[in-house]
1. How big is the accessible area of Val142 in square angstrom, nearest 10, if you roll a 1.4 angstrom probe over the protein chains?
2. Using θ = phi - 60° and the Karplus curve 6.51 cos²θ - 1.76 cosθ + 1.60, what whole-Hz ³J(HN,Hα) does each residue of the range 61-78 get, with Gly and Pro shown as x?
3. May I ask which residue of Phe56, Met30, Leu105 lies farthest towards the positive end of the charge dipole of the range 1-126, with charges of +1 (Lys, Arg) and -1 (Asp, Glu) on Cβ and the Cα centre as origin?
4. Residue by residue, what Karplus-based ³J(HN,Hα) values in Hz, rounded to whole numbers, does the range 224-232 have, using 6.51, -1.76 and 1.60 with θ = phi - 60° and x for Gly and Pro?
5. What are the residues whose amide H is under 5 Å from the amide H of Arg55, where those residues sit 5 or more places off or on another chain and H is modelled from the backbone?
6. About the Cα centre of the chain, how large is the charge dipole given +1 on each Lys and Arg Cβ and -1 on each Asp and Glu Cβ? Please answer in debye to the nearest 20.
7. Under a 5 Å amide H to amide H cut-off, with H placed in plane at 1.01 Å, what residues pair with Ile15 once short-range neighbours are removed?
8. So, counting K/R as plus one and D/E as minus one, what does the shell of residues with Cβ under 13 Å around Lys86 add up to?
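The values are calculated or read from the model by the stated rules, or taken from the named source; none is laboratory data. Computed from a prediction, not measured in an experiment: that's the story for all the values here. Cβ atoms come from the backbone with ideal geometry, glycine included; neighbour counts cover every protein chain shown. Remember, those area values only see protein heavy atoms, side chains included, never the ligands or the DNA or RNA. Shrake-Rupley method; radii C 1.70, N 1.55, O 1.52, S 1.80 Å.
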Amino acid sequence: MTIRGVLFDKDGTLIDVNATWVPIYREVLMDLFATGHEGAEALMERAGYDRSSGRFRAGSVLAGGTTRQLASLWWPDLDSAALAEKVRRLDHDYTHLVRDRLRPLMPLEPILSELRGMGLRLGIATNDSHVSARAHMAHVGVIEHFEDIIAADTVPVAKPSGNMVRRFAEVTGLPAASIAMVGDNHHDMEEARNGGAGLAIAVLSGNAAHEDIAHLADHTIASVAELPGLLRSL
């Protein structure tokens, strides 16, 4: 079936995950735990930070988990109400840091405009929260290109359940088989399969190396800059 819609992961696919989130999480954890640089990095290591490379490990909670999963890891003994408050703080109280540090992987406007010019319907599928994801896309000036921004807190179960692909199909009226899921992590490829997407396209612009993800994908490209050319070739 012809591809008529593209569903993008956010961090590692459109946003530079390490340049953006390593310094942000370090600063957030120093504040929330009243600790220093060493203490914050130890907490980050528990969630998947590799100090030697300065990057998040492929498949880790930091690379692709939800805010709730991060909060549960860092505050494992909290009851549900206290945990929900930590999630709220992580999602809402540090937006000023994100505005200062958010880095797209490349100029996104020309790529998204080209894809829309090809008649494609575009969306976001992220395990971030909806409020954060919308703010991020607005901040980098591309929110108008997306028909829906689907986040972990807008579906019953986050990636890789398949719910995000199915939600985008419902919103756009497209068959799931006409949607391509594009992402940098194994759970993006699994989301494509579980949701019945027509294509799973891996990008190597996040933390997964070719050997981590290519075997799960239908196609593997260096970054979304190659996506218009790939889709035209199919």
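1. 0 Å²
2. 4, 5, 6, x, x, 8, 4, 5, 5, 5, 4, 5, 6, 7, 10, x, 9, 7
3. After comparing all options, I get Leu105.
4. 5, 4, 8, 5, x, x, 4, 5, 5
5. Amide H neighbours of Arg55: Asp50.
6. Details: 22 positive and 31 negative charges, 73 e Å.
Its charge dipole is roughly 360 debye.
7. Amide H to amide H, under 5 Å and 5 or more residues apart or across chains, Ile15 pairs with Leu105.
8. Net charge in that neighbourhood comes out at -3.
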